[in-house]
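Rule-based calculations on the coordinates, nothing more; no lab input. Source: prediction; values computed, not measured. A quick note on method: Cβ atoms are made from the backbone with ideal geometry, for glycine too, and the neighbour counts reach across all protein chains shown.
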Amino acid sequence: MLVTCGFTNRHGALAVDMFIKVYDLRVMRAVTPIQMMFPPSLLRFVPAFTSRLFVVSQTGQFQLVDTSSGSQTSYIYQLETGGSRVSCFDTSSSCQCLAFGDATGYLHLYGASSHVSFNNFSNPTEFADPEEPLPPITINDKVAALASIPMPYCSSKLLSDLPKKLTRYVYRKPVPVDPVILNSMKMVGSVGYAPNPGLWRRNQVRYPQETSSSSKEMKEDEDIIPQLYKKIDVKYSRMGIEDFDFNLYNRTCFAGLETNLPNAYCNNMIQVLYFIAPLRCAVMSHTCQREFCLACELGFLFHMLDTAQGLPCQASNFLRAFRTIPEASALGLILSDSDEARKKVNFPRLVQSWTRFVLQQIHSETLSAAVEEEGPRTDNKVTEVESPVSRLFGWTLINSNQCRCGTVRQKESTTLLCSLVYPPVPEKEIPLYSFAAILERSLCLESSMPTR
């Protein structure tokens, strides 16, 4: 049901209609209008009744009207607005109160009794979305796409669930070349030429006739590396990195490092150091006045990885500071840009040397900063200052030297890494060594040195 009230143009002026137009939406046509005793301006249906509505005029008159009956038998009520016009009107969801608002800002509340109830959390009823009926498809229609029909959930197997042996590609085995052709063949480079013996027609190849029971199925090549861990070749467009969507390759919030920079072989170990939370906090809080400080540049790089939100970062400043250190060049950690030199590099050993050097370099840089913060001591007590790297990775190494005379000299030092020393491999059988045994052999290393 749809009801309307409004104005009519009479002799160039707008006049309020003295009736309410009623439309039946079920048959999409207008029904008999309802004649009113006062000019209607506001309409509101009663929530509890589908055919009853309140009609309010701007002068403050209101009446309850039933659209199902043509005659109006209810009383006409008058608001005491003091001559102000009514601008808004509404009914409560409990059907016990009426609220009127006038132009002067007053709110007039009418109730069915002196004790009325209100619904403080009134919300409209939520209905389910109507399901649109799909057009029927005849079973004999050869053009209709049956794949457009959604498949229902089934707990049992489907008829189309064929076993793997029926859905596997099986190729024919190539026929071995006739020995007559092989004997008369002449090789020119990597291509062999032989006269046609005339045993078959042109483009005709004989295949051995084998039954389905005697034919052997080809084994599928199983990929050792899962798809998640395979190397991805990123192809940039003409705009470069600015016009590339990295969300296709990285759907996490962790940022990566670009590998198109020289000496980018250390990106993996930078990521490992980044996910060590105590080391990351210590490096990011480190500040000094040195121009090329590896700890400062590593802290800036970690801050970029924190704020990147999945976008790739460049370690250009860190690698530039790394190339300026003379010890790194002396240890062979700086690679040249030529491809021939890269092919001869043993990257596993290079990464091990890089890790040992970077930890020692960060240890020395943060240790000097810790000594400066502590300041000079007034007493003569000697206290050992530790760096964040030594507190995380450091352990005490006791180097004991014993002569033939029985004199033993021991020296304590702090080391950050331990190189695993594997036992020699025998020629016949290779025994199994546990990791604990290899670690014990590496920590308790013994060696003898002849003296004169």
Exercise. Taking every pair of alpha-carbon atoms in the range 1-62, give the share separated by more than 15 Å as a whole percent.
Key: 55
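Summing Lys, Arg as +1 and Asp, Glu as -1, what charge do residues with Cβ under 15 Å from the Cβ of GLY101 carry, GLY101 excluded?
-1
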Quiz prompt | Debye, to nearest 20: dipole size of the range 251-370, +1 on Lys, Arg Cβ, -1 on Asp, Glu Cβ | solution = 280
Quiz prompt | Net charge, GLN402 excluded, C-beta distance under 15 Å - Lys, Arg +1, Asp, Glu -1 | solution = +2
Self-check item: Signed unit charges on C-beta, dipole axis of the chain, positive-most listed residue SER448, TRP395, LEU79
Solution: SER448
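Quick one: grab the alpha carbon gyration tensor of the chain, order the square roots of its eigenvalues as a ≥ b ≥ c, and give me rounded if a/c is under 1.5, else prolate or oblate depending on whether a/b is larger than b/c.
The shape class here is oblate.
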Self-check item: Rg/Rg_globular for the range 251-370, with Rg_globular taken as 2.2 N^0.38 Å and Rg from C-alpha atoms
Solution: 1.06
Quiz item: Per residue, what volume in Å³ does the convex hull of the Cα atoms of the range 2-111 enclose?
Solution: 120
Self-check item: Gap separating the Cα centres of the range 276-354 and the range 143-202, nearest whole Å
Solution: 52
Quiz item: Over 24 Å between Cα atoms, which of LYS164/LYS235; LYS231/LYS344; LYS165/LYS231 qualify?
Solution: LYS164/LYS235; LYS165/LYS231
Self-check item: Least to most buried among HIS11, HIS286 (fewest other Cβ within 10 Å first)
Solution: HIS11, HIS286
Practice problem: Can you put PHE38, PHE322 in order of Cβ neighbours within 10 angstrom, beginning with the fewest? | Solution: PHE38, PHE322
Quiz item: Among ILE398, ILE325, what is the fewest-to-most ranking by other Cβ atoms within 10 Å?
Solution: ILE398, ILE325
